[in-house]
Amino acid sequence: MISNYSRVFGPTKPVIAMVHLGALPGSPLHDGARGLDGLIADAAKDLAALQAAGFDAVMFGNENDRPYEFDVDTASTATMAYVIGRLAADLSVPFGVNVLWDPMSTMALAAATGAAFAREIFTGTYASDMGPWSPDAGKAIRYRDRLGRSDLAVLYNVSAEFAWSLDQRSLPDRARSAVFSSIPDAILVSGTITGEAAAMSDLEAVKAVLPDTPVLANTGVKHDTVADVLRVADGCIVGSSLKVDGDTWKPVDPDRATEFMRIARQARDG
């Protein structure tokens, strides 16, 4: 049986680019003067640059909705669905979604938009900048299936940004336990915060205990590290490195995006 992951990405090591939506209505950084049209225009420009650069897939996320929430405002999820819907005709690659940091909203958004994959923190217990954090994978995956999206590939981030795991087990042990107990389609390994790299030793250790499960680098992959990352990991997700000056909060730089994908493609082919 073909896995959800293979159905979306095939045999390649996918390089997934982030489309960071502007701050959504109701969040402190939202630009009310530019409104929804501004959100759509900015996202459309970034999407066009990323697809022209040749990325294998894109993922829409609400990184600008700081401070982040565990129980995301319904308006945020609805606005993300609206923006993605407006961009649907422009999409030429598979897309995923991530509503920070709410697995249930992420599943709802995936179902509403027809996303091919979803990313979130689904397992573990953490002390975080947002307070105590205990996601419920069982509830989220059952919700996915109730929404008729058992085909949705689910990517589990097992080293949460902005947080410290209260689980005393090692990262590799937590990763293989998540695979056993929670049936993820892929495991993601992250750095401390958005834009900061996961330690290569962490990637290597997790991949060593999960030879049959896709393991991807989730944060901080850069032009000068992507080749090394792809020698170990089964793919990567990249956002900040593609932006103007490598700044997470700036627009995508088409030249940086094109060069990143050139290096990544060369590394994969090699």
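The values are calculated or read from the model by the stated rules, or taken from the named source; none is laboratory data. Remember, it's a predicted structure, so these values are computed and weren't measured experimentally. Don't worry about glycine lacking a Cβ; one is built from the backbone with ideal geometry, like all the others, and counts go over all protein chains shown.
Values computed for the structure shown
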item: Selection count where residues are touching a His at 6+ places or on another chain (Cβ under 8 Å) and charged (D, E, K, R), scope the stretch 44-99; result: 2
item: Residue that is farthest from Ser134 (Cα to Cα) [pool: residues in the stretch 174-189 that are in a loop (DSSP other than H, G, I, E, B) and touching a strand residue (DSSP E or B) at 6+ places or on another chain (Cβ under 6 Å)]; result: Asp185
item: Residues that are more than 29 Å from Ala205 (Cβ to Cβ) and either surrounded by 20 or more Cβ atoms within 10 Å (Cβ to Cβ) or in contact with a strand residue (DSSP E or B) (Cβ under 9 Å, 6 or more places away or on another chain) (or both), drawn from the stretch 228-266; result: Lys243, Val244, Trp249, Lys250, Pro251, Val252, Asp253, Arg256, Ala257
item: Failed item, numbered, when Ile183 is tested on (1) of a type outside the set (Gly, Ala, Ser); (2) buried (at least 21 other Cβ atoms within 10 Å of the Cβ); (3) over 16 Å from the mean Cα position of the chain (by Cα); result: (2)
item: Filter pass, Phe55 being assigned to a loop (DSSP other than H, G, I, E, B), crowded, with 17+ Cβ neighbours inside 10 Å and touching a strand residue (DSSP E or B) at 6+ places or on another chain (Cβ under 8 Å); result: yes
item: Tally, over the stretch 103-125, of residues that are farther than 18 Å from Val158 by Cα, in a helix (DSSP H, G or I) and either among the polar types (S, T, N, Q) or over 13 Å from the mean Cα position of the chain (by Cα) (or both); result: 6
item: Looking only at the stretch 145-173, and only at residues there that are within 20 Å of Met130 (Cβ to Cβ), touching an Asp or Glu at 6+ places or on another chain (Cβ under 9 Å) and not polar (S, T, N, Q), the one that is surrounded by the fewest Cβ atoms within 10 Å (Cβ to Cβ); result: Asp167
item: Qualifying residue in the stretch 8-29 (condition: surrounded by 13 or more Cβ atoms within 10 Å (Cβ to Cβ) and more than 24 Å from Thr194 (Cα to Cα)); result: yes
item: Residues (of a type in the set (A, V, I, L, M, F, W, C), within 18 Å of the chain's Cα centre (by Cα) and either part of a helix (DSSP H, G or I) or at pLDDT below 95 (or both)) located in the stretch 1-43; result: Val8, Phe9, Ala43
